[in-house]
Structure formats: structure tokens, C-alpha cells
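Take a look at the structure below.
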Amino acid sequence: MAAYKFSDYWQAGLPEVIPIIPPDAEIDRDFGSQVSDRQRGKIPGKYKPGRKKWVGFDGWTEIDITESLTNIWSTWPRANVGLRSARYPGTDFNVNSDALAESYIALAYKFWARRCRSAGGRGRLES
């Protein structure tokens, strides 16, 4: 099965896709990037093809994402797919305990269920 491309997500109605620096990416420190090794795999980035390295993506929250941009991003090696969350709220918990994970899930459900609206107007979350 072929990997999905950024343009696939854009064409499917998710116009807020954004490239995320791969977890094992080489960061271009000579280009002035302030990305730390711990941020790889977690923050938006741009690939510099001529240098074969990644840098942080300044202005990623304001950029007008177009289909042509997603086509370019689809050519970048191993870029992770992110989603700007202004219209898609969510949570990310990294825990090593099943009990703690269950507790966080319950808390997230309690918080988001009051804020999410279904077509019927009642707050709920889909699993």
C-alpha cells in the first residue's frame, strides 16, 4: 500500500494539514534552525532539498495552505502529517501507565464532550 500524501488529505477535505519534522530528521543548524533534537517528530518543519536537512516552519499557523503547497510537501522525505488544530481540537497524552491513560481519557472525554457539538446539537465524542 502506498503512503498517503499531503495532497490526499487536502483533497479529502482536511485543508489544515501541515508537515511535521520526522523524528529521526537531520536538522540544519547551519541554516539557523533552533529546533532541538527533542522537538523532532513533534513540530512543523520545512525540508531543504538542496541541503537534505530540516528546519523549523516559522509562520505555520498563518500560512495559506493550498493544494500546490501540499503537492510540494508530498515530495519531502519521511515528513509526518500534522493537522493545525484551531478547528480540530484534540489532546495528546504520553504515559506509561494503563491506569493513568484511562484516567486521562476519561478527563479528556469529560472536557471535550461539553465543547463538541454533533449534528443533533448534543455534546459527545466518537471513539
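The values are calculated or read from the model by the stated rules, or taken from the named source; none is laboratory data. Just so you know, these numbers come straight off a predicted model, no measurement behind them. Don't worry about glycine lacking a Cβ; one is built from the backbone with ideal geometry, like all the others, and counts go over all protein chains shown.
Descriptive notes on the structure:
- Complete set of residues in the range 91-110 that are free of Cβ contacts under 8 Å to residues at least 12 places away in the same chain and within 30 Å of residue 64 (Cα to Cα): 92
- Pick from the range 91-110, criterion of a type outside the set (A, V, I, L, M) and loosely packed, with under 11 Cβ neighbours inside 10 Å, ranking: modelled with the lowest pLDDT: 92
- The range 68-80: number of residues that are in contact (Cβ under 8 Å) with a residue 60 or more places away in the chain and within 13 Å of residue 23 (Cβ to Cβ): 2
- Condition met for residue 78 (out of contact with any Ser or Thr (no Cβ under 9 Å at 6 or more places or on another chain), modelled with pLDDT of 85 or more and charged (D, E, K, R)): yes
- If only residues of the range 1-53 that are of a type outside the set (Val, Ile, Thr) and assigned to a strand (DSSP E or B) are counted, the one that is surrounded by the fewest Cβ atoms within 10 Å (Cβ to Cβ) is 48.
- Residues of the range 16-45 satisfying the condition of being in contact (Cβ under 8 Å) with a residue 40 or more places away in the chain and either within 12 Å of the chain's Cα centre (by Cα) or not assigned by TED's automatic domain parsing to the domain that holds residue 68 (or both): 16, 17, 18, 19, 20, 21, 22
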